[in-house]
1. Of the numbered conditions (1) of a type outside the set (Phe, Trp, Tyr); (2) open to solvent by less than 70 Å² (accessible area, probe 1.4 Å); (3) more than 20 Å from SER136 (Cβ to Cβ), GLU79 fails exactly one; give the number of that condition.
2. Which of the residues that make up segment 115-138 are open to solvent by less than 10 Å² (accessible area, probe 1.4 Å) and within 18 Å of ILE217 (Cβ to Cβ)?
3. For PHE185, indicate whether it is of a type in the set (Phe, Trp, Tyr), loosely packed, with under 14 Cβ neighbours inside 10 Å and either at pLDDT 95 or above or within 19 Å of the chain's Cα centre (by Cα) (or both).
4. Restricted to segment 155-169, and to residues that are closer than 25 Å to GLU92 by Cα and of a type in the set (A, V, I, L, M), which residue is surrounded by the most Cβ atoms within 10 Å (Cβ to Cβ)?
5. I'm trying to understand the selection: among the residues of segment 118-147, which are part of a helix (DSSP H, G or I) and among the aromatic types (Phe, Trp, Tyr)?
6. For segment 82-110, name all the residues that are open to solvent by 60 Å² or more (accessible area, probe 1.4 Å) and farther than 30 Å from ASP143 by Cα.
7. Can you name every residue in segment 148-169 that is within 15 Å of VAL222 (Cα to Cα) and either modelled with pLDDT under 95 or part of a strand (DSSP E or B) (or both)?
Amino acid sequence: TALLANRAKSQFLASMSHELRTPLNAIIGYSELLLENGGDLSQLDQVKDLRKVHSAGSYLLSLVNGMLDLSKIEAGRMEVHVDVVKLNAVVEEIIATIKPLADKNKNELFAIAPLDLGEIQTDSTKLRQILFNVLSNACKFTDHGRIVLRVSRVADVNGDHFHFNIEDTGIGIPEHFLDRLFDPFSQADPSVQHKYGGTGLGLALTKRFCDLLGGSITVHSVPNRGTQFEIKIPTVIPALPSFEET
């Protein structure tokens, strides 16, 4: 009964989130159009207001998209699209995307990886989202510090994996919160949420994406010293789970 209720909840959230995206996309689109047509200095106040509308709409859309992804996973409806990509290219792309976020808080950003990582057979879109979520968190919670992404290829008893180690010198995470860090809508402390914002969905989705790709994510942190995430993703995605109703 509990499983059926949870599935019904997830299906309802998926449906509701889908319905919300249409008007939100319209709000964002119209605000962009008005910004393009009203960017002269005589309409400076209106432009500022339009930018606030656009920013708020974009933030709300990201929240809705996160809820939709989470509900799809919980309902067993998240699709996995496997492709083959060169991992060095993925790392370079992610670093280029993240750099403005690192610069915003005056952080140094480094990527340390061999030049011949080779290819990975996985859902590259979800892999990019995993790395983006963790790196963007590191940038947000680190100020005038350092963020390092280390990538290596490891073969052991568990198979051939790529290891992504993301380390920052930020505010860290209290030990008592680590057990529920990957729970949806979790925040370490209300004061942290008030200062830094966020919904608590990013790491929850990251954990579930890692699971979908046959990988794992672990975390070690020391308050006021920094946080280290270790992500392991198989070089070849294992047999995909069935998404049929049971």
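The values are calculated or read from the model by the stated rules, or taken from the named source; none is laboratory data. Keep in mind that what you see is a predicted model, and the values were worked out from it rather than measured. Virtual Cβ from ideal backbone geometry, glycine too; neighbours counted across all protein chains shown. Just the protein is used for accessible areas: all its heavy atoms, side chains included, with ligands, DNA and RNA removed. Shrake-Rupley method; radii C 1.70, N 1.55, O 1.52, S 1.80 Å.
1. (2)
2. Across segment 115-138, the qualifying residues are ILE120, THR122, ASP123, SER124, LEU127, ILE130, LEU131, VAL134, LEU135, ALA138.
3. yes
4. ILE166
5. PHE132
6. VAL82, VAL84, LYS86 - these are the residues of segment 82-110 that are open to solvent by 60 Å² or more (accessible area, probe 1.4 Å) and farther than 30 Å from ASP143 by Cα.
7. Matches in segment 148-169: ILE166, GLU167, ASP168.
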